[in-house]
Amino acid sequence: MLVACKADNGVEHRETGEEMINNIISTLSLEEKVGQMTQINSVGPVNDDLRGMLQAGKLGSMLNEVDVKRINEIQRIAVEESPSGIPLLFARDVVHGFKTIFPIPPGLASTFNPELVKECSAAAAAEAWSSGINWNFGPMIDVVRDPRWGRIAESFGEDPYLVSAMGVATVEGFQGDDLAAENTLAASAKHFAGYGAAEGGRDYNTTLIPRRELHNIYLPPFEASVRAGVKTFMPGFNDLDGVPASGNSYLLQDILRGQWGFKGLVVSDWASIYEMINHGFAADSREAALRAFKAGVNIEMASSTYRDNIISLVKAGKIKESEIDRLVKQVLMLKYELGLFDNPYIPEKKQNVFADSATLMLAEKAAMQSVVLLKNNVLPLEKDSEIALTGPLAHQMYEQLGTWNFDGDSSLSVTPLMAMRELAGSDKINFAPGLRNSRSSDSKGFKKALNAAYNSDIIVFCAGEEAIITGEAHSRAYLDLPGAQNELIKELAATGKPIILAVLAGRPLTIGEISEYADAVLYAWHPGTMGGKAIAKIIYGDADPSAKLPVTFPVTEGQIPIYYNHKMTGRPVIEDEWVHINDIPEKAFQTSLGNTSHYIDAGFEPLYPFGFGLSYTTFEYSDLKISSPVISITDTLEICFVLRNTGKRSGTEVAQLYTRDIAASITRPVKELSGFKRVQLEPGESRKVEFLLPAANLGFHGIDLEYRIEEGEFKLWVGGDSNASLSTSFEIKNKL
Ligand code: BGC
């Protein structure tokens, strides 16, 4: 927005947004400035306290208020009755949808389809905007290598390249091209940084990440989000190597604002400034406020250390008013960019626009592309098969929406039961859930489920976790299917009928052993509103599975952390040399037999590798060629290969490119994802697939933490998962 005004010399001057904000700041009292740095939770109907804060200009933003009429009313008080008339920001966690719920982020990542994820984010933004929200606390772009951590359900998985691509897509989807336009929200990159590395997978726990690992694994998605123009950042709850993220100047000043040039605002996590007292990083709320302030946190969410202390810290000379002005300016600039000074209200006829048919279709498409086929001997099924539909998640309209689903409308949900009845006819589906919920150990319902199985040709068992045992503060130490699900599956298997296991869960579960009882396994994550439809269409072959895992699945909890892009050891694993606790005589353990990096009781391999997922057809990779065996650090390597659909059905393959720097000044991962592409092929069809690999992408942060691309030999692989074997080598030289 530009405001026309006459300068002293009479020449008309168009005021820029920045000038306008500077002018506003010059008129604000210290109390009002601190108000802009204050964020409180919704209080429901406007009460006297809230009205008083608004009228005094002591509030800059709210979270969790989603009643659009109330938002307009709050906004009106701020704009019309406060001294400076500054509108508020209204924030919400719109993690994977608003009223229409898309698959949880691991599901979205399984699509390997950033364009689709961008569309889903844009649709979620539009629904939230129509409720008065202008700021989303997402995307969550923590790299996560531990499925015990409940918040893996909010993440895009373990790989920095994939998490970056999905994070950028989400930021672009939420923010659109013009933040001031309708249907867009400011996005927030969270949780900066390393929160996903919580020790032992216990939420909120200490994170001990060596600096080089921080820069090479955990920070890239955040840097990518800054390049994509993300407007806000949120530090995590975690203590990162001794310094809680909310008071971490290295992260928030040196890296974020210094190295990356971030110009937006930083909002604390919920009470995370105050919690620095619990961490033992501040003696009291005054010290906590000072530390967060000096680290550059613009807005305090939920707790009140800023409100209670900043003014006295200014009086004590610990904080300069000019420092406050700098932080307040970043808050007001966001309000300006959102167009709130011009359009603070949501017009009546644009309010509460939810779940239109295009959005529901998009949710179905996303769910379809997020269901990973892990095993298959029987699918797809004929629609005239008589099916026993069982398992605790077969008809749970709320649970299939997953975690961080504050606003989701579960009455819109299409469950597997509803969709299978619709697709095949109610008379073909014999429904008996067997268990009341995923945690139930009550076997009362087993008999009905077994009867349904005896009267059917095939069993579809919807297993998994309820939403409530996933997400924030819901870490699990045992990753089996909870409750009596395994027992019920085993009893059903004893009927001799084939079993299709569809798992609806928030994390990778250790389903290796129970999968032995199943003839097919679909991993659907929590697939959202249209999840049942997607599962049913895949089961009947109306849709083809094409998803791939964004995270490694462990065989057992004892293998965690297990991730594909690990380092090589000095004694690399050689499968022939594995020793197995049960097959080897005691004496053998004292010899050098099998002195490689593996467990004597769980081997080395995961249950499923990163990038894995089957299709109803098969693909063959061949004719791998590169543009040159030697490139310079400024070159881009062209890679091409032939992908052929060798099966009898059409299908979509996510072709993946992996690379390795063979020897470098620091050790490098055994493989790193460096590209992926979804390719749709008819039966028998072949296509030349190309990847462009800039040498600049093959660098890393070295001994001195500086980013460098080093000369030497590199290997690359193409294939359908991280075990890809078709490979070639090339060299990078500084000067050709
Ligand atoms: C979470 C954040 C979230 C905030 C506000 C916190 O508990 O860690 O991710 O944005 O609450 O809901």
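The values are calculated or read from the model by the stated rules, or taken from the named source; none is laboratory data. Not measured: the values here are computed from a predicted model. Cβ: placed from backbone, ideal geometry, glycine included. Neighbour counts: every protein chain shown.
For the reader, a short list of remarks on this structure follows.
- Residue within region 24-37 that is at pLDDT below 95 and β-branched (Val, Ile, Thr) present: no
- Checking PRO482 against (1) over 27 Å from GLY200 (Cα atoms); (2) in contact with a Ser or Thr (Cβ under 7 Å, 6 or more places away or on another chain), the condition it does not meet: (1)
- The sole residue among GLY236, GLY247 that is assigned by TED's automatic domain parsing to the domain that holds VAL144, within 22 Å of PRO147 (Cα to Cα) and buried (at least 24 other Cβ atoms within 10 Å of the Cβ) is GLY236.
- Test: residue in region 277-294 that is more than 16 Å from the ligand (Cβ to nearest atom), buried (at least 24 other Cβ atoms within 10 Å of the Cβ), not small (Gly, Ala, Ser) and not in a strand (DSSP E or B): yes
- Verdict on ALA245 being at negative phi, at pLDDT 95 or above and away from the ligand (no atom under 16 Å from the Cβ): no
- Put simply, of ASP159, ASP178 the only residue that is more than 22 Å from LEU360 (Cα to Cα), out of contact with any strand residue (DSSP E or B) (no Cβ under 6 Å at 6 or more places or on another chain) and among the acidic types (Asp, Glu) is ASP178.
- Set side by side, the residues ILE255, ILE273, ILE209, ILE217 differ, and just one is within 15 Å of the ligand (Cβ to nearest atom) and farther than 27 Å from THR359 by Cα, which is ILE273.
- Hits in region 179-190 (condition: assigned to a loop (DSSP other than H, G, I, E, B) and within 16 Å of the ligand (Cβ to nearest atom)): LEU185, ALA187
- Test result for GLY60, under 23 Å from LEU313 (Cα atoms) and either within 16 Å of the ligand (Cβ to nearest atom) or within 30 Å of the chain's Cα centre (by Cα) (or both): yes
For (1) in the same structural domain as SER42 (by TED's automatic domain parsing); (2) free of Cβ contacts under 8 Å to residues at least 12 places away in the same chain; (3) of a type in the set (Asp, Glu), each residue gets a yes or a no:
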site: PHE262; (1), (2), (3): yes, no, no
site: VAL266; (1), (2), (3): yes, no, no
site: ALA271; (1), (2), (3): yes, no, no
site: GLY280; (1), (2), (3): yes, yes, no
site: ASP284; (1), (2), (3): yes, yes, yes
site: ILE319; (1), (2), (3): yes, no, no
site: LYS335; (1), (2), (3): yes, no, no
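- Residue within region 394-404 that is more than 15 Å from ILE539 (Cα to Cα), over 20 Å from the mean Cα position of the chain (by Cα) and crowded, with 24+ Cβ neighbours inside 10 Å present: yes
- Count - residues of region 185-220 that are under 25 Å from ASN113 (Cβ atoms), in contact with a helix residue (DSSP H, G or I) (Cβ under 6 Å, 6 or more places away or on another chain) and not hydrophobic (A, V, I, L, M, F, W, C): 1
- Residue list for region 116-152, filter: within 14 Å of the ligand (Cβ to nearest atom) and of a type in the set (Gly, Ala, Ser): ALA128, GLY138, GLY150
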